[in-house]
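Read through the structure below, which is laid out as structure tokens, and then see the notes.
Bear in mind that the values in this text are calculations on the coordinates, not laboratory data. The structure displayed is predicted, hence computed values, not measured ones. FYI the Cβ positions are ideal-geometry reconstructions off the backbone, even for glycines, and counts take in every protein chain you see.
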Amino acid sequence: MNTLMNTRVLLNKRPQGESKLDDFKIETVQVKDPEEGEILLKILWLSLDPYMRGRMSDAKSYAPPVNLGEVMIGETVSEVIESRSSDYAQGDLIAGPSGWQEYCTIHRNSEGFRKIKKEFGPPSTALHILGMTGQTAYFGLLRVGEPKPGETVVVGAASGAVGSVVGQIAKIKGCRAVGVAGGQAKCDYIVNDLGFDAAVDYKAGHLNEDLRKACHDGIDIYFESVGGAILHAVVPLLNEGARVPICGYISQYNVSDAKKLESPDMVLGALPNPPFHRFFLVGEWAAEFRDATAQLAEWLKQGKLKYRESIVEGIENVPRAFIGLLRGENFGKQLIEVA
């Protein structure tokens, strides 16, 4: 019997409005030895993502909520430290939904877990540019947005994990990329480091005017992940035939009164001539993930894609980092270095 202890973060209560530290509970339990067909994982990296806020609510959604007292859901990169399956060997690196904890035991047939090809890039990239967020940007822009050379693509939350990749792929496809971000440092980053053509600081106080100046030929594609004021600034600039892929609307995630919730569908659908728009889930293209990851890895090696990570150390600091994520305090992909 091993002596390993697992510190994990549970959902303690359902948040009302903005998440608070006491919505979570941290506990430490002994790790059980894996049984036949099971694999014991030591979690190295944990991804924090806005969708997790929705999974904390019991409101009807596209995915079931996390139950009270359960480990919070989350994508991780882990190392196999003990295997009782011929499918995995000690030392293998695996990405999958292990949750907010230090150790996890899975069955050899557990869904959502995959080995990481170390030659593609550093292990942590399997949680962003070569993982779910990279796939979200790739399929959302290319399959829903269908960009054409010369078009103007506007990206909300452009310095974030998804938005930063969307803008860079738009440039690869010959488009003009305009990013919206909060603060001069983030705006400088997406232009000077990521190659966006222009950036608009929504915190500067004149969002509508600045966006209009940056999009002098209107907007052909708006990649939506924010909602709220940014969406309202985009709407008057949408060209005929514009497309709006919707992967989320983070500005509304902490709204406690459902009557005040304003989804992108509500805003766009109410227009006299609504643009093509739809909410998408990256899992729609699960059968193509391997090929997409290979393409993203190739662009990364060629220097056409760049990324930035915002790293917090220690599983005990996950709740505070998650609250900061929804406030926009992170710069780039928010990761927890667990071990």
Check your understanding: Taking a temperature of 20 °C and a viscosity of 1.002 mPa s, what whole-number D in µm²/s does Stokes-Einstein yield for the range 199-279 with Rh from Kirkwood over alpha carbon pairs?
Key -> 162 µm²/s
**Study point:** Residue-by-residue Karplus 3J(HN,Hα) for the range 295-310, coefficients 6.51, -1.76, 1.60, Hz, glycine and proline x
**Key:** 5, 4, 5, 5, 4, 5, 5, 6, x, 7, 10, 10, 8, 9, 10, 10
Check your understanding: Share of Cα-Cα pairs in the chain beyond 36 Å, in percent?
Key -> 20 percent
Check your understanding: Based on DSSP H runs of at least 4 residues, each adding -39500 (n - 2.57), what is the mean residue ellipticity at 222 nm of the chain after dividing by all its residues, to the nearest 500 deg cm²/dmol?
Key -> -6500 deg cm²/dmol
Exercise for review: Would you work out if the range 35-138 is rounded, prolate or oblate? Take a ≥ b ≥ c from the square roots of the eigenvalues of the alpha-carbon gyration tensor; rounded if a/c is under 1.5, else prolate when a/b is larger than b/c, oblate otherwise.
Suggested key: oblate
Practice item. Select from V166, V77, V66 the residue whose mean-square fluctuation is largest in a Gaussian network model of the chain (Cα-Cα springs shorter than 10 Å). Key: V66
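Could you calculate the contour length gain from A270 to R212, that is, 0.36 nm times the residue separation minus the distance between their Cα atoms, to one decimal place in nm?
That works out to 18.7 nm of additional length.
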Practice item. Please find, in a Gaussian network model of the chain (springs between Cα atoms separated by less than 10 Å), the residue of T28, T133, T125 whose mean-square fluctuation is greatest. Key: T28
Point to revise | Three-way shape label, the range 182-230, alpha-carbon gyration tensor, a/c 1.5 | key: rounded
**Study point:** Residues listed by number, the range 49-86, amide nitrogen under 18 Å from H107 label point at 7 Å toward C-beta
**Key:** 83-86
Review point. In terms of the Cα gyration tensor, with a ≥ b ≥ c the square roots of its eigenvalues, is the range 226-339 rounded because a/c is under 1.5, prolate because a/b exceeds b/c, or oblate?
Key: oblate
Exercise for review: List, in order, the whole-Hz ³J(HN,Hα) value for each residue of the range 286-292 obtained from phi through the Karplus relation with A = 6.51, B = -1.76, C = 1.60 and θ = phi - 60°; use x for Gly and Pro.
Suggested key: 4, 5, 10, 4, 4, 5, 5
Point to revise | Principal axis box of the range 132-284, alpha-carbon based, largest edge first, Å | key: 41, 36, 31
Point to revise | nm² value of the averaged projected area, convex hull over the Cα atoms of the range 83-165 | key: 7.6 nm²
Exercise for review: For the range 170-214 and the range 103-148, compute the distance between their C-alpha centroids and round to whole Å.
Suggested key: 26 Å
Point to revise | Gaussian network model of the chain, Cα within-10 Å springs - most flexible of A137, A126, A89 | key: A89
